[in-house]
1. Of the beta bridges DSSP finds with both residues in the chain, what % are antiparallel, to the nearest 5?
2. Under a point spin-label approximation (7 Å from Cα along Cα-to-Cβ), what is the Ser100-Asn285 distance to one decimal in nm?
3. Taking a 24 Å limit on the Cα-Cα distance, which of the listed pairs Lys10/Lys278; Lys66/Lys94; Lys105/Lys275; Lys193/Lys275; Lys10/Lys94; Lys67/Lys193 fall beyond it?
4. Placing unit charges on C-beta atoms (Lys and Arg positive, Asp and Glu negative, everything else neutral), compute the dipole magnitude of the stretch 1-91 about its Cα centre in debye, rounded to 20.
5. Can you give the charge dipole size of the chain about its Cα centre, rounded to the nearest 20 debye, using +1 on the beta carbon of Lys and Arg and -1 on the beta carbon of Asp and Glu?
6. Of Tyr191, Pro238, Phe110, whose Cα points farthest to the positive end of the dipole of the chain (charges on the beta-carbon: +1 Lys, Arg; -1 Asp, Glu; origin at the Cα centre)?
7. Sort Tyr256, Tyr222 from largest to smallest accessible area, using a 1.4 Å probe on the heavy atoms of the protein chains.
8. Quick one: accessible area per residue over the chain, 1.4 Å probe, rounded to a whole number of Å²?
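The values are calculated or read from the model by the stated rules, or taken from the named source; none is laboratory data. Since this is a predicted model, take the numbers as computed values, not measurements. Every residue, glycine among them, receives a Cβ derived from its backbone with ideal geometry; neighbour counts consider all protein chains shown. Heavy atoms of the whole protein, side chains included, go into the accessibility calculation; ligands, DNA and RNA do not. Shrake-Rupley method; radii C 1.70, N 1.55, O 1.52, S 1.80 Å.
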Amino acid sequence: LTRFAAVFPKAEIYGNLKYTTADGKDAELDALVLFDNIAFLVECKAGAMTLAARRGDPLSMERDLKKLLVASHDQALRAREYIRAQTAPTFRTKDGKLVSLDKTKIHQSFLVSVTLDSLDVFSPSIRDVASLGLFHDGDLPWAVDSRNLRVIAEIVEFPAEFVHYLRRRLALNTAGLRVHSEDELDFLGHYLKDGLYFDEVAPSLSIYVIDGSFTDSIDSYYQAIVTGGSSAIRPTQPIPAVLRQVIDELEAEAAYGYVDVICTLLDGSDVTRKKIDKYITRVRNMSVRDAE
């Protein structure tokens with residue numbers, strides 16, 4: 001929960017929630033994060049991949065993936081279906097406090113599976129895991145281990161950027177091009193540099209592998225921190241100065257629905273962002289002249 005609290009300081013965050021399903025059974029949700037018009041349904045698993053699974057034993061891999069990823073995904077799905085089915089979905093905290101949701105204000109929900117142990121290539125390649133027929137729903141989770149979640153929480157500059165990254169990241173689960181990586185941070189590095197867009201990939205390619213070079217800036221940042229030098233520069237995505245100022249103002253105001261506005265601004269390419277930046281500058285200058 002501390003990772004989400006660091007990214008979303010203005011969010012409502014609840015842990016260890018219970019609720020009653022339509023058939024009268026008690027169910028649990030590890031964490032619920034409510035931010036702007038978005039809900040994060042988070043399930044955590046503390047288990048680890050067995051040595052047999054890491055060696056490539058098919059039965060061991062299937063068993064471990066079901067225990068660590070599929071089970072948590074099913075629990076998050078169950079919570080989402082509960083919210084969708086109830087007019088006024090209500091959860092109970094550990095101390096008995098009721099948490100009622102106004103689901104009319106929730107426009108998007110993210111299913112998040114957090115594992116304590118790294119699942120090697122399986123978490124970043126969740127689409128390939130799904131092709132094995134293990135998941136029971138086509139809406140796949142964002143599967144991330146706690147170490148990478150910490151890094152992502154520390155690297156993102158503002159809350160809406162985290163949401164934008166997840167939207168771009170999860171869009172790859174249904175894209176025509178199969179994008180593969182051995183580490184979640186490769187996706188983050190690509191996002192910061194190229195936005196997780198692959199329009200320039202040759203149409204003849206069905207699989208694109210993100211190489212480790214995209215994490216060079218992230219590695220350098222943490223290396224500088226470890227060595228205690230003053231050269232630690234957090235990697236960021238290119239955002240023109242005036243556009244960044246607008247984003248900062250939107251973040252500070254945090255009016256309902258503002259995340260969608262910022263995500264729309266971030267959807268643009270470098271060229272588009274520069275055009276928006278110039279347009280905003282021109283409009284502001286015209287306003288100043290008119291005020292005179």
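1. Restricted to the chain, the bridges split so that about 55 percent are antiparallel.
2. 5.3
3. As for pairs spanning more than 24 Å Cα to Cα, those are Lys10/Lys278; Lys66/Lys94; Lys105/Lys275; Lys67/Lys193.
4. Taking the Cα centre of the stretch 1-91 as origin, the dipole is about 220 debye.
5. So the dipole magnitude of the chain works out to roughly 440 debye.
6. Phe110
7. Tyr256, Tyr222
8. About 52 Å² of surface per residue is accessible.
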